[in-house]
1. Counting only pairs 8 or more residues apart or on different chains, how many lysine pairs in region 200-326 have their Cα atoms under 29 Å apart?
2. In deg cm²/dmol and to the nearest 500, what is the mean residue ellipticity at 222 nm of the chain if only DSSP H runs of at least 4 residues count, each as -39500 (n - 2.57), divided by the residue total?
3. Looking at region 224-276, which trypsin sites (Lys or Arg not before Pro) are in a loop (DSSP not H, G, I, E or B) and have at most 15 other Cβ atoms within 10 Å?
4. Computing the accessible area with a 1.4 Å probe over protein heavy atoms, can you report the carbon and sulfur percentage for the chain?
5. Between GLN124 and ASP57, what's the calculated FRET efficiency when r is the beta-carbon distance and R0 is 22 Å? Round to 0.05.
6. Ranking request for peptides 91-100, 307-316: highest mean number of other beta-carbon atoms within 10 Å first, then the rest in descending order.
7. Per residue, how large is the accessible surface of region 1-197? Use a 1.4 angstrom probe and give square angstrom.
8. Rounded to the nearest 0.05, what FRET efficiency is calculated for LEU301 and LYS32 with R0 set to 25 Å and r the Cβ-Cβ distance?
Amino acid sequence: MRAALFALAVSAAVHAAPSNTACSSCHPAETKLHERTRMAHAMLPALASPFGQNLPDQPLHESSNGYSFVYRRLQNGVGVTALRGETRVDGLIEWVLGAGAQGETPLVRTGEDTLESRVSYFPQLHQYGITVGQDAGVSPNAQAALGRKQKPHDLESCLACHSTALTPDLQPLILGVQCERCHPGAEEHARGTGKPPLNPGKLTAPDQVRFCGACHRVKPPVDDAQLENLRFQPLRLMKSRCFESGKLACTTCHPAHSDARRNDPDFYNEKCHACHDAQTLHTDQRKTGDCIGCHMPYVQLHPALKFTDHFIRTVKPGDLPQSILRQRG
Ligand code: HEC
Ligand code: HEC
Ligand code: HEC
Ligand code: HEC
Ligand code: HEC
Ligand code: HEC
Ligand code: HEC
């Protein structure tokens, strides 16, 4: 898929500090925790993002006779030029989406258009590559080489999931997923009205799953392949019999204001015991240890992207293609 050569680069996680000062005086603990999460950094100014900090010093190439890409740091962002023979087109990258857990995709402005960049940065691989969901191969024209044009509606939803407040012309006012996004009413509350804001911890489990699902998705995008839906945690979780209990929420396993704990299966295995007594369930000794290893498989959907199938079940042979199943760690 990424046969075309993309330059190597070194990763350095750089985080621009969000401003949650309206809350920090009274909620210092939550603020400190949240500011360290990837959600808080889901959208970054280009120059502060790992993408912008690791620009390749050699041009990147689509393939031997495709477009080349040249990047340079400017005052107001990262400049990009796509070139092929006599053809060239320039774009400006002001914003980069994704904190860098797996991928980072810039938005490219050229003329009147905003594009989803054709080139993304994959920090885990220390590599630039074609953006997930876009075709490999040679671009049909220079603009297509810079990226895929976003209709205003697509751009709006893209930013609505990766930032907190937007102006009508789609300039983000607050980058990343910040306090007010999960605690509607918090601004007024911070001004001392005495009314507490929404606390998603007090929603019923199904309502909380739908709340987080507004971004993590309860429904797949229309053009998505079946297999790709595995990455939508709420959609998958809702298929589980555990979810039918009405008591399984996102926060049952993910404490608020925290990232997922990668490579710490026991943290999650503990959570199963709240509802299941493994000793009485499994007669086979092998089945008592790593619950999530067997019941929440880890899947690789792209050379750079791994997710956890949140459909908790007994995974039957052939349920998922062997080629995408991975061990954690
Ligand atoms: C002047 C101090 C103050 C500021 C500023 C403040 N809070 Fe609070 N907040 C409180 C107090 C006191 C409580 C507990 C009493 C209550 O529920 O009203 C609380 C409760 C909460 C709760 C829990 C509500 C519930 O029902 O469990 C949330 C969530 C919250 N605040 C979020 C925020 C956010 C987000 C901000 C910033 C936009 C903020 N607060 C700013 C004092 C403050
Ligand atoms: C406004 C949209 C939005 C809402 C609402 C939202 N998320 Fe997220 N979440 C994101 C985005 C975007 C990311 C990806 C951050 C990144 O890596 O750039 C993310 C990432 C995460 C991660 C993974 C972080 C990591 O890489 O380890 C967890 C866990 C998570 N969210 C849990 C939740 C939970 C639980 C809720 C509900 C209480 C929730 N989210 C609500 C948008 C949202
Ligand atoms: C419906 C909400 C939604 C929309 C629309 C959306 N995203 Fe995301 N995006 C998310 C969530 C949630 C995650 C976290 C995925 C996870 O870790 O499970 C994410 C993750 C990412 C990542 C990081 C992948 C990783 O895990 O490191 C990138 C890059 C990204 N989005 C770019 C974009 C771009 C560019 C657009 C618009 C063209 C867009 N997103 C539109 C919700 C959204
Ligand atoms: C992605 C969603 C999300 C974001 C963003 C977020 N919170 Fe929360 N917050 C939650 C959830 C979920 C809970 C409920 C935790 C629980 O009860 O398990 C919570 C609970 C709280 C509480 C109540 C704590 C308690 O002991 O009951 C406070 C206060 C709070 N958050 C403040 C903040 C502040 C301040 C920020 C920004 C710095 C913030 N939150 C950002 C999801 C979020
Ligand atoms: C909030 C409670 C709760 C939690 C937490 C929970 N489950 Fe469940 N789970 C249930 C209920 C209820 C059922 C359906 C009745 C039964 O089989 O016991 C169920 C069913 C199952 C089944 C059978 C599925 C099927 O399709 O027949 C498996 C496997 C399972 N759970 C594994 C797990 C694992 C692994 C964890 C931890 C990652 C977990 N559960 C966490 C409540 C829960
Ligand atoms: C029964 C426990 C459990 C519940 C409930 C749960 N998760 Fe997870 N989640 C996990 C485990 C286990 C991982 C993988 C940790 C690792 O990398 O080893 C994970 C990882 C994630 C990630 C990182 C990307 C990925 O897919 O690996 C995101 C984002 C996430 N969960 C969001 C959510 C959201 C949103 C909800 C609510 C709809 C939710 N989770 C409910 C156990 C759970
Ligand atoms: C080595 C893989 C493996 C591990 C580890 C494992 N399971 Fe299972 N589990 C299975 C299989 C396979 C089944 C289907 C029934 C059987 O063969 O016993 C199952 C069945 C279940 C069921 C449904 C039982 C029923 O009566 O329908 C639940 C609930 C469950 N497991 C929970 C857990 C929990 C909780 C843990 C961790 C303490 C765990 N499992 C660890 C493989 C595993």
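1. 24
2. So the helix-based figure for the chain works out to -5500 deg cm²/dmol.
3. Those that pass, being in a loop and sparsely packed, are LYS239, LYS247, ARG261, ARG262.
4. 54
5. Calculated value: 0.55.
6. 91-100, 307-316
7. Each residue of region 1-197 exposes 52 Å² on average to a 1.4 Å probe.
8. The computed FRET efficiency comes out at 0.15.
The values are calculated or read from the model by the stated rules, or taken from the named source; none is laboratory data. All of these numbers come straight from a predicted model, not from anything done at the bench. Using ideal geometry, Cβ is built from the backbone for each residue, glycine included, and neighbour counts are taken over all protein chains shown. Accessible surface is based on the protein model in full, side chains and every heavy atom, while ligands, DNA and RNA are left aside. Shrake-Rupley method; radii C 1.70, N 1.55, O 1.52, S 1.80 Å.
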